[in-house]
Amino acid sequence: MAEQLRIDERTAIPLAEVELRTSRSSGPGGQHANVTASRVEAVFDIGASRSLDEARRVRLMERLGPVVTAVAQDGRSQYRNRELALERLAAKLAVGLRVPRHRRPTKPTRASRARRLEQKRQAGERKQSRRRWSADD
């Protein structure tokens, strides 16, 4: 495995900044799960990271908090769960770093306003035609 965790095309963090904790899994494995520490928890402290620039650090802290955690206990082996936990951590960080597109406000077109008013007029006529006829009309 590489010495860095690739987040996106411009960002990678060294694996030395990711703490990997292991414990016993509640997942598959039968008796094997009772004796092996196959559950893996990947913990990344954003505030202590020296690999992130200030802008990315602030963005992640605002969106994800000071510490990001990803857990995997899907597989039987610790190695597979380690890979899964690191993938999930990278996915969380990538979502946190994503910059939302700027929305430009728009106005309804003249034709769409005309269609809306025509539909309203037709609905009013439809409701009026449902009314009970009286001699006063």
For this session: Return the distance in nm (one decimal) between the two label points of a simple spin-label model at Val43 and Gln122, each offset 7 Å from Cα along Cα→Cβ.
Result: 6.3
For this session: Working from Cα positions, state the angle (0 to 90°, nearest 10) between the long axis of helix 78-97 and the longest principal axis of the chain.
Result: 40
Problem set entry | Max mean-square fluctuation residue, GNM over the chain, Cα-Cα springs under 10 Å, options Arg24, Arg104, Arg115 | Arg115
Exercise. What list do you get for Val35, Val58, Val18 if you sort them by fewest beta carbons within 10 Å?
Worked result: Val35, Val58, Val18
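Please state the relative contact order of the range 4-97 as a whole percent: Cα pairs under 8 Å, 6+ residues apart?
30
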Seminar exercise, completed: Taking Leu86, Leu20 and counting other beta carbon atoms within 10 angstrom, the fewest-first order is Leu20, Leu86
Exercise. If one takes the longest principal axis of the Cα atoms in the chain, at what angle in degrees, from 0 to 90 and to the nearest 10, does the Cα axis of helix 54-64 lie?
Worked result: 70
Seminar exercise, completed: Candidate cut points under GluC sites (Glu not before Pro) in the range 1-100, DSSP loop plus at most 12 other Cβ atoms within 10 Å of their own Cβ, are Glu3, Glu9
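Stretched out fully, how many nm does the piece from Val35 to Ala94 gain, at 0.36 nm a residue minus the Cα gap? Mind showing how you got there, number by number?
Working: separation 59, 0.36 × 59 = 21.24 nm, distance 3.45 nm.
Additional length available on full extension: 17.8 nm.
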Exercise. Most fluctuating residue of Ala70, Ala85, Ala114 in a GNM of the chain with Cα springs under 10 Å: which is it?
Worked result: Ala114
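Coordinate-derived values only; no laboratory data. Quick caveat: nothing in here was measured; it's all calculated off a predicted structure. So basically every Cβ, Gly included, is an ideal-geometry build from the backbone, and we count neighbours across all protein chains shown.
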